[in-house]
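Here the structure comes first, spelled out in structure tokens, and everything after it is commentary.
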Amino acid sequence: MLTLLLVILLVTIFIEIYFRTRPVYVNIARKIDGPPVLFFLQAIKFLASLSLESTFSHLRDYAQTFQKTYRFYAFGRLSINVIRAKEVEIYLSANRHMDKGQFYKFFSAFLGEGLLISKGDKWAQRRKILTPAFHFNILQQFLRVFHEESAKLVTLLDYGIEKNGQDVVNLPPITSRFTLNTICETSMGVKLDSMEEPDEYRKNIYSIGKLLISRILKPWIYLDLPYKLLGYKREMNRPLIPIHSFTRKIIRQRRERFHEEGAVDFAHGDRENVYETKKRRYAMLDTLLAAEADGLIDAEGIREEVDTFMFEGHDTTSSALTFIFLLLAHHPDVQEKVFEEIKNLVEANPGQSLSMAQLSELSYTDRVIKECLRLYPPVPIISRETSEEFILFGCKIPIKTMSHIHIFDLHRDPDQFPDPETFDPDRFLPENIEKRHPFAYVPFSAGPRNCIGQKFALLEIKALLKHILLHFRLTPITKREDIVFIADLVLRSRDPVRVKFHRRR
């Protein structure tokens, strides 16, 4: 073990010396504003002092300090930290800089090369396969599940208040339960009611996020060999093995039903006909199984995409719902206006489950959701790797430079959003949107690699808001200023986020 550590130390020092003698990176680091340049010993000391909480707060402090896109330089690695719309447009507006940042390779043990991570032709093919699964008519069918699961959650909360007096609720567990149920029944075509693994899956997802961020903060385990020999891979496998077991079980269950229902014929027929089918609910997983029958994807590829969508489709929306409920609790006037808008729509359509078209009439609710996603974007940071040179602050940025788009800070640019910490849904009135840079607000990313499931998520959020606010009035317990965020794959609080639910009479 001592020999291994010595080898790692020597290799790291060699890399440091190599990069320090490459003037292109050092010159950029000296010309563009950013934190102090950190060479070997300084970088080791700095990284050793970081925790998940301090990492998040350091990034916010840097944004406040520099007030513009800045660079970070440590261990001979240059990264550009993008916090202003003008530079975001460079990365997201066209078919360039589309490859995800180098840190995403650490996610491969978890997600393989699914849509989130894959690049080039593989990404293009997977995107083409999966896009029909989010067709308007498919989402309309999914809406029934959103209503059903929302009603179940209302019943669960009502039972807690009626039987146990539990009106103070920690939001993340209940929003996560709801979104995992909906993603599995809609996109995977599998109900979770009969399974025991979902609670363990959610717990393991939290563990995976912490372990992945921890690896990013430890350059000495970037290489697979030290990562394995120092025991980190074994630690990662503890939550990873049951996660993959759970997703494979879902695939196996749906595969059996897929063949039983004669859906193999769908793979060779007119896919558009499925959009009009009323007898069976179309699932994203069926799309993948049909593509497998066409030879476009293999079993491991299906596992990659299911893991990707199980994680992305439930954890991000759970985070969004948590902070939407928190903000509504803190702003009773806004909450009451959303309630009235929903109530009026329901009364105008008695005896109906609201359709997509009807939910789209909730214009004020839509603005509220957007303002919540501005303040608390579910994915606070995304990374890209530059695919071509470009000029930034008079410096030529080389190919393959790591670039991190800090959505959390972008959404707090005072030039685009005056008094940025104030909650104001009217920021999203059409006349106010027109005044802003088109890349000032990107909660679902933007451009060719935008979130494929954003319409799914927004529809799910509106459906749950409809059910919750018709039955409950929310008041705050957790204060916004008391929230301590941690560095994670999604926006997550270190502590519980609590809201009080009052039954409406």
### Order by protection proxy (mean Cβ within 10 Å, highest first), peptides 333-339, 362-368
362-368, 333-339
### Sequence ranges 104-111, 463-470, ranked by mean other-Cβ count within 10 angstrom, highest first
463-470, 104-111
### Separation of alpha-carbon centers, the range 94-147 and the range 417-475, rounded to whole Å
21
### Task
Set the Förster distance to 45 Å, then compute FRET efficiency between His437 and Tyr159 from the Cβ-Cβ distance, nearest 0.05.
0.45
### Message
Relative contact order for the chain: what percent, with Cα pairs under 8 Å and sequence separation of 6 or more?
### Response
25
### Message
Taking all protein chains in place and a 1.4 Å probe, what share, in percent, of the accessible surface of the chain do carbon and sulfur account for?
### Response
54
### Task
Grab the beta carbon distance between Lys191 and Ala94, set R0 = 41 Å, and tell me the FRET efficiency rounded to 0.05.
0.50
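So if we plug the beta-carbon distance of Lys122 and Leu225 into 1/(1 + (r/R0)^6) with R0 = 25 Å, what FRET efficiency do we get, rounded to 0.05? It would help to have the intermediate numbers written out before the result.
On the way: r = 26 Å, r/R0 = 1.04.
Efficiency computed from Cβ-Cβ geometry: 0.45.
Using 0.36 nm per residue, how much length does the chain from Ser49 to Ala151 gain when fully extended, once their Cα-Cα distance is taken away?
Extra length from Ser49 to Ala151 when fully extended: 32.1 nm.
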### Summary
Contour minus Cα-Cα span, Leu41 to Phe393, at 0.36 nm per residue, comes to 123.8 nm
### Message
Quick check: pseudo-label points 7 Å beyond the Cα along Cα→Cβ at His259 and Arg238, how many nm apart are they?
### Response
3.8
### Query
Cα gyration tensor of the range 276-366, axes a ≥ b ≥ c as square roots of the eigenvalues: rounded (a/c below 1.5), prolate (a/b > b/c) or oblate?
oblate
### Query
Counting only the heavy atoms of the protein chains, how much of Arg480 is accessible to a 1.4 Å probe, in Å² to the nearest 10?
50
### Query
In square angstrom, rounded to the nearest 10, how much accessible surface does Val346 have for a 1.4 Å probe?
40
### Query
Any number yet on Rg/Rh for the range 53-141, C-alpha, Kirkwood?
1.07
### Folded to 0 to 90 degrees: helix 52-66 orientation relative to the chain principal axis, Cα
70
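Under the rule a/c < 1.5 gives rounded, and otherwise a/b versus b/c splits prolate from oblate, where does the range 119-165 land using the Cα gyration tensor? If you can, show how the numbers build up before the last one.
Working: a/c = 9.30, a/b = 2.78, b/c = 3.35.
Judged from the Cα gyration tensor, the range 119-165 comes out oblate (a/c at least 1.5, b/c at or above a/b).
The values are calculated or read from the model by the stated rules, or taken from the named source; none is laboratory data. What you see is a predicted model; the values in this text were computed from it and never measured. Glycine also receives a Cβ, built like all others from the backbone with ideal geometry; neighbour counts cover every protein chain displayed. Ligands, DNA and RNA are excluded from the accessible area calculation, which covers all protein heavy atoms including side chains. Shrake-Rupley method; radii C 1.70, N 1.55, O 1.52, S 1.80 Å.
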